[in-house]
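Peer 1: Input: one structure, supplied below.
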Amino acid sequence: MTTALALARSGFRVVVLEQAERLEETGAGIQLSPNATRVLGALGLRDELGQRGVAPAALRVMAAASGREILRMPLGEPAAKRYGAPYWLVHRGDLQAALAAAVARNLHITLKLGLHVDDFVAHANGVTVSAHGRAGVVDERGTALIAADGLWSAMRAQIGYGGVPRFAGRTAWRALVPAKDVAPQCRDPLIQLWLGRDAHLVHYPVKGGNLINIVAIMEDSWNAPGWSEPAARADLLPRFSPRHWAPQALSLVSAPEAWLKWALYDRRPLLSWSQGPVALVGDAAHPMLPYLAQGAAMAIEDAAVVAHHLARMPDDPTAALRAYSAERRARAWRVQRLAARNGARYHLTGLRAVARNALMRTLGGAWLLRHYDWLYDWRPPHAYSSS
Ligand SMILES: Cc1cc2nc3c(=O)[nH]c(=O)nc-3n(C[C@H](O)[C@H](O)[C@H](O)COP(=O)(O)OP(=O)(O)OC[C@H]3O[C@@H](n4cnc5c(N)ncnc54)[C@H](O)[C@@H]3O)c2cc1C
């Protein structure tokens with residue numbers, strides 16, 4: 001939907017084909033860093049998301065066993081000033097609702113639900129996409145096809161980049177709990193990251209601080225595609241031993257009864273994300289592990305860049321999509337690599353964990369924020385830089 005909004009803003013008429021029959025709320029939060037909120041703001045979503053989201057004052061990193069703070073990276077006002085755009089913690093349902101409302105208001109976008117895209121054919125006049133739904137097979141014709149079909153992208157295989165996602169040997173367990181059910185320190189407007197033995201825990205408030213989003217990531221052999229496998233607290237708790245986790249973390253993971261679990265995957269970086277008038281965006285192009293909270297942010301950046309190049313070369317979508325892919329590739333690779341590296345660092349044990357914590361303490365939160373300037377200070381192409 002972000003890509004559709006960006007394209008409509010550039011003057012294109014857009015048809016979105018989505019296989020889901022309804023847009024339902026996924027019960028999870030999402031961090032939106034300034035590189036993403038800048039684009040969303042320019043697409044007219046600043047007020048709505050600003051009202052629904054929480055602006056965290058800092059990222060607080062803690063050692064799981066001792067419960068001691070390792071560092072605090074300032075976000076909130078300092079980051080908003082530094083990057084000219086806020087950092088938001090949002091419920092995924094709120095982000096989806098804001099995008100869906102903007103799409104519904106936009107006369108240049110038609111959202112068609114319940115249509116599974118099967119195939120496409122590129123021809124001299126553009127591309128014809130065929131999809132099926134309850135009412136049978138539907139063909140849509142356009143000048144270009146932008147495939148935003150996620151990690152398991154079928155369109156990626158169709159443009160010649162087959163292969164299956166690689167299981168990362170970890171599972172993310174997610175839950176949302178009412179803020180009143182957790183300790184007061186867990187309600188603070190902070191992203192709290194606990195680095196533990198073969199596991200880490202992230203939590204932050206969403207829905208104006210009324211709900212707490214919790215994600216526990218641990219080494220695991222269970223894996224299956226999908227976003228929302230129901231999981232039980234009884235299966236999670238034995239993995240959090242009081243020897244390795246401080247009481248505050250233990251009480252937090254004990255709060256939700258119901259969890260959803262989700263196996264983590266990535267894919268090898270691709271050299272190109274386009275073929276003729278077809279291009280991939282988001283996880284379809286560059287799925288990444290979630291240890292930098294950047295997967296959706298990269299998809300949102302893609303939206304602005306792909307729309308920019310198509311607007312520059314409306315009569316030559318092949319060249320426009322090639323230019324988009326060439327512009328985005330190095331940055332997405334860098335983010336994919338750094339996310340994977342963070343994943344290894346987060347789960348260190350023994351002396352290596354002690355050394356990691358000591359180094360982080362020495363460098364400090366202000367250093368860490370500066371270190372991420374290249375990531376958060378990304379500017380979209382000119383047309384999207386302000387609303
Ligand atoms: C535990 C975890 C935490 C995360 N936290 C963050 C975070 O804090 N910040 C962040 O930026 N990112 C985060 N991410 C990453 C983020 O969720 C993804 O990168 C993002 O959802 C990718 O968006 P997408 O639109 O490319 O794909 P998806 O969100 O997977 O959407 C793909 C869409 O395509 C539809 N579709 C698929 N195939 C077809 C078809 N053939 N026909 C029609 N429709 C189809 C699907 O139904 C779906 O709606 C996290 C990921 C995980 C696993």
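Peer 1: In whole angstrom, note down how far apart the Cα centers of segment 329-378 and segment 258-311 are.
Peer 2: Cα centroid of segment 329-378 versus Cα centroid of segment 258-311: 21 Å apart.
Peer 1: Give me the Debye-computed log₁₀ of I(q)/I(0) at q = 0.06, 0.13, 0.14 Å⁻¹ for the chain, equal point scatterers on Cα only, no solvent, two decimals.
Peer 2: Debye output, listed in q order: -0.23, -1.11, -1.27.
Peer 1: Can you give the helix-only mean residue ellipticity at 222 nm for the chain, where every DSSP H stretch with n ≥ 4 adds -39500 (n - 2.57) and the sum goes over all residues, rounded to the nearest 500 deg cm²/dmol? Mind dumping the intermediate values first?
Peer 2: On the way: 12 runs with 135 residues, N = 387.
Calculated at 222 nm, the ellipticity per residue is -10500 deg cm²/dmol.
Peer 1: Taking the chain as a Gaussian network, Cα atoms linked when under 10 Å apart, which of Val164, Val54, Val335 shows the biggest mean-square fluctuation?
Peer 2: Result for the chain, Cα springs under 10 Å: Val164 fluctuates most.
Peer 1: How long are the semi-axes of the equivalent ellipsoid of segment 1-98, defined as square roots of 5 times the Cα gyration tensor eigenvalues? Whole Å, largest first. The partial results should precede the final answer.
Peer 2: Values: eigenvalues 188, 65, 20 Å².
The answer is 31, 18, 10 Å, longest axis first.
Peer 1: In addition: By per-residue mean of other Cβ atoms within 10 Å, what is the highest-first order of 78-87, 371-380, 230-239, 217-226?
Peer 2: 78-87, 371-380, 217-226, 230-239
Peer 1: Can you tell me the Rg and Dmax of segment 269-316, counting just the alpha carbons, in angstroms?
Peer 2: Considering segment 269-316 through its Cα atoms, Rg and Dmax are 11.9, 39 Å.
Peer 1: At 1.4 Å probe radius, can you tell me the per residue accessible area of the chain in Å²?
Peer 2: Values: 16990 Å² over 387 residues.
The answer is 44 Å² per residue.
Peer 1: While we're on this one: Plugging the Kirkwood radius over Cα pairs into Stokes-Einstein for segment 106-164, at a temperature of 4 °C and a viscosity of 1.567 mPa s, what D comes out in µm²/s? Kindly include the intermediate steps, with their values, before the conclusion.
Peer 2: Values: Rh = 12.7 Å.
Estimated via Stokes-Einstein, D reaches 102 µm²/s.
Peer 1: I'd like the orientation of helix 92-105 relative to the chain: the angle between its Cα long axis and the longest Cα principal axis, in ° from 0 to 90, rounded to 10.
Peer 2: 20
Peer 1: Of the listed peptides 295-308, 12-25, what is their order by residue-averaged count of other C-beta atoms within 10 Å, with the highest listed first?
Peer 2: 295-308, 12-25
Peer 1: Is there a pair in Lys207/Lys261; Lys81/Lys180; Lys81/Lys261 whose C-alpha atoms are over 25 Å apart, and which pairs would that be?
Peer 2: Beyond 25 Å: Lys81/Lys180; Lys81/Lys261.
Peer 1: Sorting check: for 103-109, 255-261, 140-146, which peptide has the highest mean count of neighbouring beta carbons within 10 Å, and how do the rest follow?
Peer 2: Numbers: 103-109: 14.3, 255-261: 17.7, 140-146: 19.6.
Those peptides, ordered most packed to least, come out 140-146, 255-261, 103-109.
Peer 1: Across all directions of projection, what mean area in square nanometres is found for the Cα convex hull of segment 252-364?
Peer 2: Mean shadow area of the hull around the Cα atoms is 10.2 nm².
Peer 1: Also: Considering the convex hull of the alpha carbon atoms of segment 155-235, report its projected area averaged over all viewing directions, in nm², one decimal.
Peer 2: Details: hull surface 30.6 nm².
Hull-based average projected area comes out at 7.6 nm².
The values are calculated or read from the model by the stated rules, or taken from the named source; none is laboratory data. What you are looking at is a predicted structure, and each value in this text was computed from that prediction instead of being measured. Neighbour counts are summed over all protein chains in view; Cβ atoms, including those assigned to glycine, are modelled from backbone coordinates with ideal geometry. These accessible areas exclude ligands, DNA and RNA; they are computed on the full protein's heavy atoms, side chains included. Shrake-Rupley method; radii C 1.70, N 1.55, O 1.52, S 1.80 Å.
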